[in-house]
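S.K.: Starting off with a structure, shown below.
The values are calculated or read from the model by the stated rules, or taken from the named source; none is laboratory data. Everything numeric in this text was worked out from a predicted model, so none of it was measured. Cβ sites come from the backbone with ideal geometry, for glycine too, and all protein chains shown count toward neighbours. Heads up: the accessible areas ignore ligands, DNA and RNA and are worked out on the full protein's heavy atoms, side chains in. Shrake-Rupley method; radii C 1.70, N 1.55, O 1.52, S 1.80 Å.
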Amino acid sequence: MSEPAKSTPEKPCPICGKPAVEKYRPFCSSRCADIDLHRWLSGSYAIPAAEDDDEDGDAPPLAPDPPRRG
Ligand SMILES: [Zn+2]
């Protein structure tokens, strides 16, 4: 019989490098999960508005044209 591949390779906590706990995966504790969350939030709030993202003109206009009444 073949062995069931049930045991997945445990990845270390991306914050402190400790073995991750299933409850807080991929982190080792709620503390590290919280740290990562704050990092993510602060990172998303501090977006450097320096480069123009001209990918495919997919960005909708910020200021729509107001209805013009003649
Ligand atoms: Zn950790």
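S.K.: Based on the Cβ-Cβ distance from H38 to K18, what FRET efficiency comes out when R0 is 25 Å, to the nearest 0.05?
M.R.: 0.85
S.K.: Kindly report, to the nearest 10 Å², the accessible surface of D65 as traced by a 1.4 Å probe over protein heavy atoms only.
M.R.: Surface accessible to solvent at D65 totals approximately 140 Å².
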